[in-house]
Amino acid sequence: MAIIELFLWILQFGLGIGLIVLVLVHSGRGGGLSDMFGGGLGASAAGSTVMEKNLDRITVVVALLFAFNTLIMAMLLDV
């Protein structure tokens with residue numbers, strides 16, 4: 001069982017670092033507080049590039065893998 005635990009911890013660490021990097025790579029779309037009050041409608045209505053869409057998809061997949069790995073660790077390791 002120790003090998004599975006070690007694998008899950010290494011996977012969790014890798015997914016966590018990967019998720020942090022992916023979130024930081026995203027370009028900022030906001031204009032600060034003006035977006036909160038509806039001032040950034042023109043910027044959000046513009047279409048995003050294919051690269052940004054793929055980055056969004058990869059980020060969602062890594063986030064889901066991170067969440068599922070967290071649940072698996074919680075069930076198996078009984079922490």
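The values are calculated or read from the model by the stated rules, or taken from the named source; none is laboratory data. These figures come from a predicted structure and were not determined experimentally. Glycine gets a Cβ as well: all are built from the backbone with ideal geometry, and neighbour counts include every protein chain shown.
Some observations on this one:
- Candidate set: region 45-64, residues that are farther than 20 Å from Ile17 by Cα and either of a type in the set (Val, Ile, Thr) or in contact with a Cys (Cβ under 8 Å, 6 or more places away or on another chain) (or both); chosen: the one modelled with the lowest pLDDT: Thr49
- One residue alone among Ile4, Ile10 is assigned to a helix (DSSP H, G or I), at pLDDT 95 or above and more than 14 Å from the chain's Cα centre (by Cα), and that residue is Ile10.
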